[in-house]
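The values are calculated or read from the model by the stated rules, or taken from the named source; none is laboratory data. Only a predicted model underlies this, so the values are computations on that prediction, with no experimental measurement involved. Reconstructed Cβ throughout: ideal geometry from the backbone, glycine too, with neighbour counts over all protein chains shown. For accessibility, only protein heavy atoms count, side chains too; no ligands or nucleic acids. Shrake-Rupley method; radii C 1.70, N 1.55, O 1.52, S 1.80 Å.
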Amino acid sequence: MPSLCVFGAQWGDEGKGKIIDRLSRNADLVVRYQGGANAGHTVIVGGEKYVLHLVPSGVLRPGTLNVIGNGVAVDPLTLLEEIDALTDRGVSVTPENFLLSSSAHVIFDFHRRLDALAERWRGDGRIGTTGRGIGPAYADKAARLGLRIGDLVSERRLRGRLTACVGEKNAQLERIHGEAPIDLEAAVARYRALGDRIAPFIGDAGAAIRDAYAAGRSVLFEGAQGAMLDLDHGTYPFVTSSNTGVAGVGVGTGFPPQKIERVIGIAKAYCTRVGEGPFPSELTGPLEQRLRDEGNEYGATTGRPRRCGWFDAVQVRHAVAVNGADGLVVTNLDVLDGFDEIEVVTSYRHTDFAGGSTETYPTGFAAWNELEVQSEARAGWKAPLTACRTWEELPAAAQGYVQWLEALVGVPIVMLSVGPERDQVIPRGLE
């Protein structure tokens, strides 16, 4: 595994944390390349549950260097809280195993305030943000108004950059929202203190990754959120503010994209989504609630109940195609253990489509509330899978379901997850 990118192939919450933790045993570096603390990667080790928001999922593997790339939006307070919580639980987070890019952009308190205020003004057009300031921080980055992690270690640089930023933000807060302004001096003092605390971790992450790869070390790139939340290729505007797939690696780390040797998507055996926006395979009523309860489908970061539906082969094929995936990991297969019948969405119907239906994801389609889905069903296996560790141990019906998905998405399924623990997997070629 010299260089491997793992991305979410649905709307996030696909179980990336566990799979990245599993793969990190063969990785020298685990690199987070986009997103912010709105991501929540859950890893269970020896019955202990760890929810990681910013620190890469390889932190639970001794000897692994965990890197936050320049493409990540970092709230330094949240990051330090996470580091402290891990340290309190006996997980080592030191400059020897954790590196933070000096070029990563900073999320300030006022970004959180503006995030919540903007969502309030949108009314029925709200997009369901987590309110963690991710969007406003990325907006400042694009507007060349943002501050980067390296700015926090110099009071002169911090004060100069923050003065320019605060002038505009106070105009928004006071004149548009009728809110109290930012206290510049208090902000400078607070973020300089935070800068001192994170200073030992700060460095040139891009150079470190390139040098490690050139020296023959293995690099695992960790995506956050999912392909359908990608700023350019997801269900815009109900997306996140960064490129969640493999395209985000080059710009989010400074690693040459042509040197990414393998790309693997991760998808649940069914599908979930948090927040607003299109979700073609969504179920309602008791069946949705059953999926939610069986899969414990509540946000690791927000606690929000996830919307649940059947596996959407049209959508996953789109994610695989856009990201050039070489294979797919299917997680939460065990959640379907008790179902008599399991469905998969195989096409979409709408009068705008040639012939009235399509098996190709309709990029740019707007009338999602009018869309109908066509699904096919197969009998379930009605047997527990959590003890299975080989393909041969799976019931024939479960094998058939996996092979069915494989044929529908067009790439091999290279690993299965059948439970939350790190060893509850069935390798099929990824390891």
Q.
So, in the range 195-232, how many residues would count as being crowded, with 19+ Cβ neighbours inside 10 Å, small (Gly, Ala, Ser) and at positive phi?
A. 0
**Q.** Residue check for Leu162: farther than 30 Å from Gly324 by Cβ and surrounded by fewer than 20 Cβ atoms within 10 Å (Cβ to Cβ)
**A.** no
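Could you go through the range 274-290 and let me know if any residue there is closer than 15 Å to Glu14 by Cβ, of a type outside the set (A, V, I, L, M), modelled with pLDDT of 95 or more and open to solvent by less than 30 Å² (accessible area, probe 1.4 Å). Quick ask: steps written out before the conclusion?
Residues of the range 274-290 that are closer than 15 Å to Glu14 by Cβ, as a first pass: 274, 279, 281.
After this cut, where a residue has to be of a type outside the set (A, V, I, L, M) as well, the list is 279, 281.
Now restrict to residues that are modelled with pLDDT of 95 or more: 279, 281.
Still in the running and open to solvent by less than 30 Å² (accessible area, probe 1.4 Å): 279, 281.
Yes - at least one qualifying residue is present in the range 274-290.
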Q: Would you mind stating whether Gly131 is open to solvent by less than 60 Å² (accessible area, probe 1.4 Å) and under 29 Å from Pro237 (Cα atoms)?
A: yes
**Q.** Filtered residues of the range 69-97 (kept if in contact with a Ser or Thr (Cβ under 9 Å, 6 or more places away or on another chain) and hydrophobic (A, V, I, L, M, F, W, C))
**A.** Val72, Ala73, Val74, Leu86, Val93
Q: Determine which single condition Ala366 fails, assuming it passes every other condition in (1) hydrophobic (A, V, I, L, M, F, W, C); (2) open to solvent by less than 60 Å² (accessible area, probe 1.4 Å); (3) part of a loop (DSSP other than H, G, I, E, B).
A: (2)
Q.
Filter the range 62-92 down to the residues that are within 20 Å of the chain's Cα centre (by Cα) and closer than 18 Å to Phe255 by Cβ and list them by number.
A. Leu65, Asn66, Val67, Ile68, Gly69, Asn70, Gly71, Val72
Q) Any idea which of (1) modelled with pLDDT under 95; (2) of a type outside the set (Val, Ile, Thr); (3) buried (at least 24 other Cβ atoms within 10 Å of the Cβ) is the one Arg25 doesn't satisfy? A) (3)
**Q.** Every residue from the range 173-189 that is exposed (fewer than 15 other Cβ atoms within 10 Å of the Cβ), of a type in the set (Gly, Ala, Ser) and in a helix (DSSP H, G or I)
**A.** Ala186, Ala189
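Would you be able to tell me the number of residues in the range 228-249 that are touching a strand residue (DSSP E or B) at 6+ places or on another chain (Cβ under 6 Å) and assigned to a helix (DSSP H, G or I)? Full working, then the answer.
The first filter runs over the range 228-249 and keeps only residues touching a strand residue (DSSP E or B) at 6+ places or on another chain (Cβ under 6 Å), leaving 242, 245-246, 249.
From what's left, assigned to a helix (DSSP H, G or I): 249.
Looking only at that region, the number is 1.
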Q) Pick from the range 68-98 the residues that are hydrophobic (A, V, I, L, M, F, W, C) and within 25 Å of Ala139 (Cβ to Cβ): which of them is surrounded by the fewest Cβ atoms within 10 Å (Cβ to Cβ)? A) Leu80
**Q.** Residues (under 15 Å from Leu371 (Cβ atoms) and among the charged types (D, E, K, R)) located in the range 270-293
**A.** Arg273, Glu282
Q. Could you list, in sequence order, the residues of the range 392-420 that are touching a residue at least 60 places away in the same chain (Cβ under 8 Å) and open to solvent by 50 Å² or more (accessible area, probe 1.4 Å)?
A. Gly410, Pro412, Pro420
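Results for (1) out of contact with any helix residue (DSSP H, G or I) (no Cβ under 8 Å at 6 or more places or on another chain); (2) at pLDDT 95 or above, shown as yes or no for each residue.
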site	(1), (2)
Asp211	yes, yes
Thr240	no, no
Gly250	no, yes
Gly254	no, yes
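Only one of Arg197, Arg210, Arg192 is touching a Gly at 6+ places or on another chain (Cβ under 9 Å) and assigned to a helix (DSSP H, G or I); which? Steps first, please.
On the way: Arg197 fails: touching a Gly at 6+ places or on another chain (Cβ under 9 Å); Arg192 fails: touching a Gly at 6+ places or on another chain (Cβ under 9 Å).
Answer to the check: Arg210.
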Q | Members of the range 49-77 that are of a type in the set (A, V, I, L, M, F, W, C), in a loop (DSSP other than H, G, I, E, B) and closer than 19 Å to Tyr191 by Cα | A | Leu54
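Return yes or no: is Asp13 over 19 Å from Ile202 (Cβ atoms) and open to solvent by 10 Å² or more (accessible area, probe 1.4 Å)? Don't jump to the end; show me each part of the working.
Details: over 19 Å from Ile202 (Cβ atoms): yes; open to solvent by 10 Å² or more (accessible area, probe 1.4 Å): yes.
For Asp13, the condition - over 19 Å from Ile202 (Cβ atoms) and open to solvent by 10 Å² or more (accessible area, probe 1.4 Å) - is met.
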Q.
Testing Arg192 on (1) more than 26 Å from Asn66 (Cβ to Cβ); (2) among the basic types (Lys, Arg); (3) open to solvent by less than 60 Å² (accessible area, probe 1.4 Å), one condition comes back false. Which one is that?
A. (1)
Q.
Please count how many residues of the range 78-102 are outside any strand (DSSP E or B), in contact (Cβ under 8 Å) with a residue 60 or more places away in the chain and aliphatic (A, V, I, L, M).
A. 2
